[in-house]
Each structure stands twice: as C-alpha cells, then as structure tokens.
Amino acid sequence: MKKFVEIFKNKEVVNRIFFTIMILFVFRIGCAIPTPGIDASELTSQLTANSNNVLALMNLLGGGALQNFSIFALGVSPYITAQIIIQLLSMDVLPALTELNRQGQYGRRKIEMATRYLTLMLAAVQAYGIIQTALNTSWISFTMEENFLTYAYIVTVMVAGAMLVMWLGDQITTKGIGNGISVIIFAGIVCSLPSQIGTAFQRWVLESWNHGNIEATKGVFQFILYVLAFIAIIAFVVFIELSRRKIPVQHATRTGTSEKLAKASFLPIKVNSAGVIPVIFASSILMAPSVIATFISSDAANAEWLKIFQYNQLVDTGGVMMPWGLIIYIVLVFAFTFFYANLQINPAQLAENFQRNGSYIPGIRPGIETEKYVRKVLNRVTLIGALSLSFISALPVVLTLSGVFGSDQSLALGGTGMIIVVGVALELNNQINGLIAGKSYDEVIGGM
C-alpha cells in the first residue's frame, strides 16, 4: 500500500503510467480492426481451440492480434526476430556490426537503424508466409479477387501495422514506463487470462452444476485444482526468474574502503539468463518444415512425415505412440538455453574487462583462470535454468497430450506466456522503483 501511495504522489510516474495505458489502448483498438480483404473466422476458432502451433506462438508474441487477422497481426514478432539476428551477427560474425557494438551510443543508434530496416524486410516476408500458410490450411479466405495486387495490398497493410506497433513500443520505452515491446506482449497475454479462467469455470463448474451433486462437486474440485496449478506455475516462474548466483568481485581501486563496501560488489548470473528466447528459437525451427511444406502445396502440408516435427502430435513408431516432436522440442530448448546464455554473458570478454578495470574474483587469478571460473559457474547455473525452462515450456504440451483438459486445448496452462508475464512484471516493478528513487534523490538535492 505504501508503494501505491508513493506512485500516486509522484506526478512523473503517474504521467508515464497513464501514457503507457493510452498507448496500450491504441494497440488494442488496432487488434480489433480486421485486415481488409480477409475472412478470418476459421483462423479465430482454430487459434482459440489450439494453442500449440507456430501461428499460436506468433499470436502470443503479437499480443493476440493474429487470431482476428487484424492490421496488427504481425505484432512485434518481426522486430524481435530482427533483434535476435542482429545480436547474433554482432557477436564476432560480421566485423562491421561488431565494431559498431563497441562504439557506444553512436554504434547503438546505427545498430538500431539496421534492426529497423531488417524488421521491414522480415515483416514483408512473414506477412506473405502467414497468408500463404493460413490459405493452404483453409483457415482464412479472400473476400477480394485473388491476384498479385490483392496480395501486395494485404502485405502492405500488415507491414504498416507491424511498423506502427514497433513505433508504439518505442513510445512506451521513451515516454512510458520502459521496455515497450515487452509491455505490448505482456498486455496481450494478460488480456487473455480472464477469458481462459472464465472458460474453465464455465466448463467445470456451470456445466456440471445441473448433473447432480457428485458431478457438481467434482467440477468445483477440478476448477480449484486448475487455479492452484496456475498459481503454482506463477510461483515457480517467479522463483526461477529471481534466482541468481552471485560471484563476489573486488576492485583494486577500493583499497582502504570498508569491508562492508567490498562485500557489496558482486557479479550476478541469473538462472534463466536466456529468458524466453530459446522457446521462440526452438518453436520456429521445429515448425519450419511445416511452413515450407505449406508454401509448396496443401497436400505437402498434410504429409504424414511432418507429424514428427509437431510437438502436439503422437507418432506411431512400430506400434508404439511416441511424442517425437515434443522430444525434439525439449532438446532444442535445452541447447538454445546454453547457446543464448553464453551470448548474453561472454566469459572471455568479462575476464578481459575485469583485467582492464583492475577488478578480480577473490581466490581466482586474473585472465584465463577468471574466464574458466566464470564459464564453469555459468554452465552449472544455466543447467538448472535449461531444465526449468524445458519443463515450463513443455508443460502445456504434456498436459494436452495426456488429455487432462479433454478436447479443449485452450485450457492448457501456458508456461511460455507465464515466463513472459512474470519477467515483464518484475522488470516493470524495477523500472517504477527506479523512477521513484530518482525522484526522491532529486527532491533531496533540491532541498539542500
């Protein structure tokens, strides 16, 4: 309660929160405006009923804009993909980008401009891919004559929507409460939670109420378990997101300072430093064969061998039903977690920076020994994070395959969405705390 009072007493924080809400209101209006020339009634029902496919993941990252095939259907997905590609290329792959990455503010502006140009190109390719994929699966249909101009018109509208969403995210970052892209995804997921819980209540409580006391009691018990499972998943994700390994660091320039100050310096390594990026990578790679097949023809898209790459399908292997897609999915998530964690925290560069700044880890020699130690700690911590992320991301698929929710896959507990919601919520809390602390500091200085 004290924090709410501090927020409402701080005019700047209130203005930023109000501005963010207004931007999100504009975004939700755009999500309700359908793309001209498209009948997406079947797409809406398919994405509502099945949350375990590539279009459902894009719908999640787009804040729910794809299920109505709105003008914001692409959401922030092209921008996220462009960011990941540029970030990977900046890791000593393209020397020009690597050099820009080391040039401070000027280099970051240039890299951001390159990311925007790449976003524009990816948005065009992705828009055409979504149209073609949804057409071949009969999830959408044209209400206009199907020709090149129609395709060009719809792709242009979708690309313009994607660039507008990117601009809205930038406005939240600069004038709102920060990290606009994440806030847009967060808002879309949170908006869908009441509907999901309402559907569960309707199915297990209201529908069983008139079928006798036993069925009614069973339905209420199932709904309570469902809510408790949701809370347990949120608690587990919060625990993983806040968990970190602190490596003590001392600085040569602090000779003579108090022992308390020396102990306050540490290098935090998060258990899940990769965030939700490995899940996005794994899903994209796993769904690539199906997307390519749908580009070719609808017959190729329905080929039996493609079920191996679908993580919500059981494949008959010599009379034994095996979830090969789920197994491949878990392996990819596990591998990408290690890969991206080592991109986020580069032990060699960290050891070099420590040596340059006169910093060191107590008991560890500077240079190669520091690099080996940090890499060993990083890999051990990431192992826990990779196992946790694999469990959370695979949970809704396992529950769907087990038939816990029957034929209604929309009730599956979404681990990926929870990772995003919890991560962004914690980040927003830190942003608001920083704004409040900054304002308090200004007041202290102004009163001196």
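The values are calculated or read from the model by the stated rules, or taken from the named source; none is laboratory data. Every value quoted in this text rests on a predicted model; they were computed, and no experiment measured them. Neighbour counts are summed over all protein chains in view; Cβ atoms, including those assigned to glycine, are modelled from backbone coordinates with ideal geometry. Just so you know, the surface numbers come from the protein's heavy atoms only, side chains and all, with ligands and any DNA or RNA stripped out. Shrake-Rupley method; radii C 1.70, N 1.55, O 1.52, S 1.80 Å.
Filtering segment 170-194 to residues that are open to solvent by 20 Å² or more (accessible area, probe 1.4 Å) and closer than 15 Å to V422 by Cβ leaves N179, S182, F186, V190, L193. From the set of residues in segment 323-338 that are modelled with pLDDT under 85 and among the aromatic types (F, W, Y), which is surrounded by the most Cβ atoms within 10 Å (Cβ to Cβ)? Result: Y329. Only one of the listed residues (V377, V333) is in a helix (DSSP H, G or I), touching a residue at least 12 places away in the same chain (Cβ under 8 Å) and touching a Lys or Arg at 6+ places or on another chain (Cβ under 7 Å). That residue is V377. For beta carbons closer than 6 Å, sequence separation of 6+ or different chains, a first residue in segment 268-282 that is farther than 13 Å from T81 by Cα and open to solvent by 20 Å² or more (accessible area, probe 1.4 Å) and a second that is aromatic (F, W, Y) and modelled with pLDDT of 75 or more, there are no qualifying pairs.
Only one of Q105, Q132 is part of a helix (DSSP H, G or I), surrounded by fewer than 18 Cβ atoms within 10 Å (Cβ to Cβ), modelled with pLDDT under 90 and touching a Phe, Trp or Tyr at 6+ places or on another chain (Cβ under 9 Å). Can you tell me which? Step by step, each of Q105, Q132 is checked, and only Q132 is part of a helix (DSSP H, G or I), surrounded by fewer than 18 Cβ atoms within 10 Å (Cβ to Cβ), modelled with pLDDT under 90 and touching a Phe, Trp or Tyr at 6+ places or on another chain (Cβ under 9 Å). Among all positions in segment 394-404, there is at least one residue which is at pLDDT 75 or above, open to solvent by less than 50 Å² (accessible area, probe 1.4 Å) and either in a helix (DSSP H, G or I) or more than 16 Å from L242 (Cα to Cα) (or both).
The rows are residues; the columns are (1) among the hydrophobic types (A, V, I, L, M, F, W, C); (2) in contact with a helix residue (DSSP H, G or I) (Cβ under 6 Å, 6 or more places away or on another chain).
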| position | (1), (2) |
| --- | --- |
| N136 | no, yes |
| E146 | no, no |
| L149 | yes, no |
| G161 | no, no |
| A187 | yes, yes |
| N210 | no, no |
| I214 | yes, no |
| K218 | no, no |
| V227 | yes, no |
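For segment 1-45, which positions are open to solvent by 50 Å² or more (accessible area, probe 1.4 Å), closer than 30 Å to F142 by Cα and among the aromatic types (F, W, Y)? Matches in segment 1-45: F25 only.
For I292, the test of being open to solvent by 70 Å² or more (accessible area, probe 1.4 Å), at pLDDT 75 or above and under 25 Å from the mean Cα position of the chain (by Cα) is failed.
Does segment 226-245 contain any residue that is loosely packed, with under 14 Cβ neighbours inside 10 Å and at pLDDT below 80?
The answer is no, given that none of the residues of segment 226-245 is loosely packed, with under 14 Cβ neighbours inside 10 Å and at pLDDT below 80.
Regarding S208, is this residue at pLDDT below 85, open to solvent by less than 70 Å² (accessible area, probe 1.4 Å) and within 19 Å of I419 (Cα to Cα)? It is false that S208 is at pLDDT below 85, open to solvent by less than 70 Å² (accessible area, probe 1.4 Å) and within 19 Å of I419 (Cα to Cα). Cβ-Cβ contacts under 6 Å between residues 6 or more apart (or on different chains), taken from a first residue in segment 20-35 that is over 15 Å from A162 (Cβ atoms) to a second residue that is part of a helix (DSSP H, G or I), are listed as T20/I172; I23/L168; I23/Q171; I23/I172; L24/A187.
Annotation: of all residues in segment 149-169 being open to solvent by 30 Å² or more (accessible area, probe 1.4 Å) and β-branched (V, I, T), the one that is nearest to G75 (Cα to Cα) is V157.
Just to be sure before I move on: is T150 in contact with a strand residue (DSSP E or B) (Cβ under 9 Å, 6 or more places away or on another chain) and assigned to a helix (DSSP H, G or I) in the structure I sent?
It is true that T150 is in contact with a strand residue (DSSP E or B) (Cβ under 9 Å, 6 or more places away or on another chain) and assigned to a helix (DSSP H, G or I).
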